[in-house]
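Data block below; observations after.
The values are calculated or read from the model by the stated rules, or taken from the named source; none is laboratory data. Remember, predicted model here, so these are calculated numbers, not experimental data. Please note: Cβ atoms are built from the backbone with ideal geometry, for glycine as well, and neighbour counts cover all protein chains shown. Remember, those area values only see protein heavy atoms, side chains included, never the ligands or the DNA or RNA. Shrake-Rupley method; radii C 1.70, N 1.55, O 1.52, S 1.80 Å.
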Amino acid sequence: MFFSTIPCEPPKQQLVTIALMRKVEIEQIQAASYTDSSDDETSPRDKQQKNSKGSSDFCVKNIKQAEFGRREIEIAEQEMPALMALRKRAQGEKPLAGAKIVGCTHITAQTAVLMETLGALGAQCRWAACNIYSTLNEVAAALAESGFPVFAWKGESEDDFWWCIDRCVNVEGWQPNMILDDGGDLTHWIYKKYPNMFKKIKGIVEESVTGVHRLYQLSKAGKLCVPAMNVNDSVTKQKFDNLYCCRESILDGLKRTTDMMFGGKQVVVCGYGEVGKGCCAALKAMGSIVYVTEIDPICALQACMDGFRLVKLNEVIRQVDIVITCTGNKNVVTREHLDRMKNSCIVCNMGHSNTEIDVASLRTPELTWERVRSQVDHVIWPDGKRIVLLAEGRLLNLSCSTVPTFVLSITATTQALALIELYNAPEGRYKQDVYLLPKKMDEYVASLHLPTFDAHLTELTDEQAKYLGLNKNGPFKPNYYRYCSTTSLFILP
């Protein structure tokens with residue numbers, strides 16, 4: 001009976017209506033899609049876009065993706081308890097009222113939570129991306145829709161990258177008084193193009209090895225104009241973000257790009273700092289045979305005692321299946337190394353900068369580049385040998401996959417507190433030099449994350465505090481204390 005009620009041949013007008021409805025539905029899906037499968041190759045710089053409030057002070061891939069981006073931000077908020085607590089506790093005080101923060105970081109859902117927290121604390125923000133591949137277009141759209149001037153999209157060219165930074169900095173009627181940088185490119189651009197801006201800038205907060213290295217170089221040369229906070233070497237950044245984040249995201253990035261199995265694979269990890277420790281632990285736990293290269297004898301000894309074989313890259317380059325760099329240096333993997341690699345060797349970088357692998361040396365007429373999938377290239381030699389290059393030598397995890405939100409909550413909270421500290425510091429507290437975050441703030445950041453685990457700290461008695469010579473409320477360790485981190489704790493039997 002049911003089937004008899006359905007006409008065998010719908011009227012022509014009904015077919016037209018169905019077709020139109022389907023066309024609208026497809027257009028809506030394409031407009032809202034948060035993937036990179038869109039056929040629209042028009043550069044965002046050539047588009048005229050406005051948000052729902054009529055503002056056009058932004059440049060993103062597609063403002064119509066904002067709804068999807070907002071959902072991702074809401075998910076991230078659930079895993080960023082410290083930032084949400086900070087937003088709630090300090091919102092009434094507005095400790096960043098009057099702050100004009102220009103930022104250059106990865107633009108992800110986690111960064112969006114940080115930006116919106118800074119806004120809730122009274123700051124005005126303008127933002128660009130520190131990596132041409134790590135921007136989540138839908139998140140950038142959501143921020144632009146919320147009124148944040150964001151200039152970033154996934155797949156920027158080198159020229160786009162600097163144009164976006166310039167649009168953040170060079171704007172009529174607005175001048176930054178704080179910098180939040182990840183890699184030092186924003187700071188470098190202002191020094192190069194707008195040095196007079198430093199007369200009004202109160203401080204710089206930098207979170208990467210590369211950017212911190214540049215700041216120390218400026219300080220040593222007497223060219224650092226303002227105080228700078230080295231967030232990268234704060235305990236909460238280095239011992240949690242660098243170690244735990246990379247321990248999980250290295251596997252995610254490699255799996256998503258290559259679909260490979262890790263068991264039995266030979267891997268060389270260049271660098272055994274916190275990032276290298278996390279990568280080695282994850283790969284060893286998956287059954288890989290892991291070699292380590294190091295220049296520092298202390299880190300080298302740690303690698304040996306954690307069960308890894310210390311080698312020079314030249315000694316294993318012909319036999320390994322995967323090469324991972326995480327040193328923060330340049331030319332760690334040279335053209336000579338690349339020429340000697342075995343067929344189908346995977347090459348990737350987990351350090352911030354794209355200088356560790358000499359990718360430029362591969363752009364020569366005798367080598368063929370073949371795009372396999374997003375952020376995955378085959379580089380083919382004349383004899384048919386090929387290597388698999390991920391993210392063109394840029395940061396693998398944020399370019400090709402995602403990173404654990406909870407760990408980024410720790411880093412983002414550290415950044416927010418560093419901005420608050422520098423912005424509100426009385427004149428003379430900080431000179432034109434590079435500083436570490438005060439130990440008390442590191443401990444505060446850690447304490448904000450403990451309730452997530454239903455963790456309960458033991459409190460010192462007055463007698464115990466006196467015996468140790470400590471304040472009952474901290475700080476509990478001197479600045480010279482080195483918190484232990486060893487991968488042997490994380491390796492599965």
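A quick yes/no check of all residues on (1) touching a helix residue (DSSP H, G or I) at 6+ places or on another chain (Cβ under 6 Å); (2) farther than 23 Å from residue 209 by Cβ; (3) at pLDDT below 90:
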position: 419; (1), (2), (3): no, no, no
position: 423; (1), (2), (3): no, yes, no
position: 436; (1), (2), (3): no, no, no
position: 447; (1), (2), (3): no, yes, no
position: 450; (1), (2), (3): no, yes, no
position: 454; (1), (2), (3): no, yes, no
position: 472; (1), (2), (3): yes, yes, no
Which one of the conditions (1) in a loop (DSSP other than H, G, I, E, B); (2) open to solvent by 20 Å² or more (accessible area, probe 1.4 Å) does residue 315 fail to meet, given that it meets all the rest?
-> (1)
For the stretch 237-248, state whether one or more residues are surrounded by fewer than 23 Cβ atoms within 10 Å (Cβ to Cβ), assigned to a helix (DSSP H, G or I) and without any contact (Cβ under 8 Å) to a residue 40 or more places away in the chain.
-> yes
Would you mind telling me which numbered condition in (1) open to solvent by less than 30 Å² (accessible area, probe 1.4 Å); (2) under 25 Å from residue 407 (Cα atoms); (3) in a helix (DSSP H, G or I) residue 272 fails?
-> (3)
Is it the case that the stretch 332-351 has a residue that's buried (at least 19 other Cβ atoms within 10 Å of the Cβ) and either among the basic types (Lys, Arg) or modelled with pLDDT under 90 (or both)?
-> yes
Out of the residues in the stretch 47-89 that are part of a helix (DSSP H, G or I) and polar (S, T, N, Q), which is least open to solvent (accessible area, probe 1.4 Å)?
-> 65
When the stretch 367-414 is checked residue by residue, the ones that are part of a loop (DSSP other than H, G, I, E, B), of a type in the set (Ser, Thr, Tyr) and under 16 Å from the mean Cα position of the chain (by Cα) are 401, 402
Answer yes if at least one residue in the stretch 90-97 is buried (at least 22 other Cβ atoms within 10 Å of the Cβ), within 27 Å of residue 50 (Cβ to Cβ) and at pLDDT 95 or above, and no otherwise.
-> no
Scanning the stretch 422-453 for residues that are among the charged types (D, E, K, R), open to solvent by 70 Å² or more (accessible area, probe 1.4 Å) and in contact (Cβ under 8 Å) with a residue 40 or more places away in the chain gives 431
Restricting to the stretch 188-231, what's the tally of residues that are charged (D, E, K, R), assigned to a loop (DSSP other than H, G, I, E, B) and open to solvent by less than 20 Å² (accessible area, probe 1.4 Å)?
-> 0
Can you name the condition, by its number, that residue 383 falls short on among (1) in contact with an Asp or Glu (Cβ under 9 Å, 6 or more places away or on another chain); (2) surrounded by fewer than 16 Cβ atoms within 10 Å (Cβ to Cβ); (3) closer than 30 Å to residue 339 by Cα?
-> (1)
Taking the stretch 116-169 and keeping residues small (Gly, Ala, Ser) and within 19 Å of residue 41 (Cα to Cα) leaves 134, 140, 141, 152, 155, 157
In the set 370, 366, which member is over 18 Å from residue 349 (Cα atoms), in contact with a Pro (Cβ under 6 Å, 6 or more places away or on another chain) and open to solvent by 30 Å² or more (accessible area, probe 1.4 Å)?
-> 366
Among the residues of the stretch 448-463, is there at least one that is part of a helix (DSSP H, G or I) and more than 23 Å from residue 86 (Cα to Cα)?
-> yes
Which numbered condition trips up residue 132, out of (1) within 29 Å of residue 400 (Cβ to Cβ); (2) surrounded by fewer than 17 Cβ atoms within 10 Å (Cβ to Cβ)?
-> (2)
Here are some conditions: (1) out of contact with any helix residue (DSSP H, G or I) (no Cβ under 8 Å at 6 or more places or on another chain); (2) in a loop (DSSP other than H, G, I, E, B). Residue 148 meets all but one. Which one does it not meet?
-> (1)
Please work out if residue 105 is under 29 Å from residue 71 (Cα atoms), at pLDDT 95 or above, open to solvent by less than 20 Å² (accessible area, probe 1.4 Å) and among the hydroxyl-bearing types (Ser, Thr, Tyr).
-> yes
Hey, can you tell me all the residues within the stretch 352-363 that are part of a helix (DSSP H, G or I) and open to solvent by 30 Å² or more (accessible area, probe 1.4 Å)?
-> 360
Kindly provide the set of residues from the stretch 249-269 that are open to solvent by 10 Å² or more (accessible area, probe 1.4 Å), more than 19 Å from the chain's Cα centre (by Cα) and either in contact (Cβ under 8 Å) with a residue 24 or more places away in the chain or on the phi > 0 side of the Ramachandran plot (or both), ordered by number.
-> 258, 259, 260, 263, 264, 265, 266
Selection within the stretch 375-401 - touching a Phe, Trp or Tyr at 6+ places or on another chain (Cβ under 7 Å) and farther than 17 Å from residue 328 by Cβ = 375, 377, 379
Identify, by number, the condition in (1) crowded, with 20+ Cβ neighbours inside 10 Å; (2) touching a Phe, Trp or Tyr at 6+ places or on another chain (Cβ under 7 Å); (3) not in a helix (DSSP H, G or I) that residue 287 doesn't meet.
-> (1)
